[in-house]
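A.B. asks: One structure follows; several queries about it will come next.
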Amino acid sequence: MANVADDVASDCPIWVAGLWYYLFSEKGKTFRALGWAWLVTVITIMSLNPRVYYSYPSFPILLAAGSVAWESWLARPSFHWVKLVYVTMMAVAGVVFAPFAVPVLPVDTYIRYSAVMHFAPPSIENWKLGPLPQIYADQFGWEEMVATVAQVYGSLPPDVRSKTAIFAQNYGQAGAVDLFGPKYGLPKAISGHQSYFLWGPRDYTGESVIVMQGRQERLAPLYSTVEKVARVDHPYSMPYEHFDVFYCRRLNWPLKDVWPKMKNWH
């Protein structure tokens, strides 16, 4: 996604020319509806949703028109110098902005570079950010998170572990447990988030549950005992993935009976 954003930025002269071609040129008059359709679509997305990448698939129609426009301009003898200037600018921009598209710098160096440049990739969600933009922050902390859960799981008596569910609040946490868990001897996670809800509570009853990102005040009425046992807090991960881990005993109802209430499609 970051690479696509970088391409959109570096190809700005082409797609802007494409928009001009559709909306204002005589040759583009036949295709003017495409220009207005692009404009309305992008303005709507930018106004209603922070996920700017939703608009990226629409850029090829502008790039096609922009290529036609630039081809006609560069065919003029007086515009030949533009070719060298454009290639040079592309190379310089590629070097300057590469760290924002691909992880070519160490993390601490990237943070300092971003501060000096006063630039960062656009926000793609409404979440609070830490020292890194989300495209990078989302790549940190997952295995450390699973290792923390594994410490809790490993501290339980062997006969209790086999009955212990690991409940994740979202598919990212659950996916991390499923991916890294075998390395730490963990079972598959359960979660009510999106498709994980469809897989149900597996064979767990709620007798013993490790809850990731729980809250004491919400868990206490549901279980006989609730104990905060660990903290997940990676310095580079997204702030919403900094949370407490709880060990809960004896859910007040059979887990399979309350599972329909766990559904979360957000």
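The values are calculated or read from the model by the stated rules, or taken from the named source; none is laboratory data. Nothing here was measured: the structure is a model prediction, and the numbers come from that model. Neighbour counts are summed over all protein chains in view; Cβ atoms, including those assigned to glycine, are modelled from backbone coordinates with ideal geometry.
A.B. asks: Does Ala165 satisfy the condition of being closer than 30 Å to Pro131 by Cα, out of contact with any Cys (no Cβ under 9 Å at 6 or more places or on another chain) and either surrounded by 13 or more Cβ atoms within 10 Å (Cβ to Cβ) or not hydrophobic (A, V, I, L, M, F, W, C) (or both)?
C.D. replies: Against the criterion (closer than 30 Å to Pro131 by Cα, out of contact with any Cys (no Cβ under 9 Å at 6 or more places or on another chain) and either surrounded by 13 or more Cβ atoms within 10 Å (Cβ to Cβ) or not hydrophobic (A, V, I, L, M, F, W, C) (or both)), Ala165 does not qualify.
A.B. asks: Could you please find all residues in segment 218-240 being surrounded by 15 or more Cβ atoms within 10 Å (Cβ to Cβ) and part of a strand (DSSP E or B)?
C.D. replies: Once the filter is applied, which keeps residues that are surrounded by 15 or more Cβ atoms within 10 Å (Cβ to Cβ) and part of a strand (DSSP E or B), segment 218-240 yields Tyr223, Val226, Val229, Ala230, Val232.
A.B. asks: Of the conditions (1) under 27 Å from Lys27 (Cα atoms); (2) loosely packed, with under 14 Cβ neighbours inside 10 Å, Ser67 satisfies every one except a single condition; which number is it?
C.D. replies: (2)
A.B. asks: Can you tell me which of (1) under 23 Å from Gln134 (Cβ atoms); (2) surrounded by 14 or more Cβ atoms within 10 Å (Cβ to Cβ) is the one Tyr204 doesn't meet?
C.D. replies: (1)
A.B. asks: Additional query: Against the condition at pLDDT 90 or above, on the phi < 0 side of the Ramachandran plot and either assigned by TED's automatic domain parsing to the domain that holds Ala120 or surrounded by fewer than 15 Cβ atoms within 10 Å (Cβ to Cβ) (or both), how does Trp20 come out, does it pass? Steps first, please.
C.D. replies: Values: at pLDDT 90 or above: yes; on the phi < 0 side of the Ramachandran plot: yes; either assigned by TED's automatic domain parsing to the domain that holds Ala120 or surrounded by fewer than 15 Cβ atoms within 10 Å (Cβ to Cβ) (or both): yes.
The answer is yes for Trp20.
A.B. asks: Just checking, how many residues over segment 241-266 are aromatic (Phe, Trp, Tyr), surrounded by fewer than 17 Cβ atoms within 10 Å (Cβ to Cβ) and within 26 Å of the chain's Cα centre (by Cα)?
C.D. replies: 1
A.B. asks: Looking at (1) closer than 30 Å to Ile210 by Cα; (2) β-branched (Val, Ile, Thr); (3) without any contact (Cβ under 8 Å) to a residue 40 or more places away in the chain, find the lone condition where Val92 falls short.
C.D. replies: Single failed check for Val92: (1).
A.B. asks: Taking segment 168-201 only, how many residues are among the aromatic types (Phe, Trp, Tyr), crowded, with 17+ Cβ neighbours inside 10 Å and over 18 Å from Leu255 (Cβ atoms)?
C.D. replies: Our first condition is that a residue be among the aromatic types (Phe, Trp, Tyr); within segment 168-201, this holds for 171, 180, 184, 196-197, 199.
Of the ones still in play, those that are also crowded, with 17+ Cβ neighbours inside 10 Å are 171, 180, 196-197.
Add one more test, that the residue is over 18 Å from Leu255 (Cβ atoms), and what stays is 171, 180.
Count: 2.
A.B. asks: Hey, does segment 86-101 have a residue that's at pLDDT 90 or above and among the small types (Gly, Ala, Ser)?
C.D. replies: no
A.B. asks: Does Val211 count as over 17 Å from Lys261 (Cα atoms) and either touching a Gly at 6+ places or on another chain (Cβ under 9 Å) or not in a loop (DSSP other than H, G, I, E, B) (or both)?
C.D. replies: Details: over 17 Å from Lys261 (Cα atoms): no; either touching a Gly at 6+ places or on another chain (Cβ under 9 Å) or not in a loop (DSSP other than H, G, I, E, B) (or both): yes.
No, not satisfied.
A.B. asks: Mind checking which residues of segment 207-238 are under 16 Å from Thr164 (Cβ atoms), in contact (Cβ under 8 Å) with a residue 60 or more places away in the chain and under 27 Å from the mean Cα position of the chain (by Cα)?
C.D. replies: Scanning segment 207-238 gives Ile210, Met212, Ala230.
A.B. asks: Testing Tyr153 on (1) surrounded by 15 or more Cβ atoms within 10 Å (Cβ to Cβ); (2) of a type outside the set (D, E, K, R); (3) in a helix (DSSP H, G or I); (4) not assigned by TED's automatic domain parsing to the domain that holds Pro187, one condition comes back false. Which one is that?
C.D. replies: Failed condition: (4).
A.B. asks: Given (1) loosely packed, with under 10 Cβ neighbours inside 10 Å; (2) under 25 Å from the mean Cα position of the chain (by Cα), where does Val102 come up short, assuming only one miss?
C.D. replies: Unmet for Val102, out of (1) loosely packed, with under 10 Cβ neighbours inside 10 Å; (2) under 25 Å from the mean Cα position of the chain (by Cα): (1).
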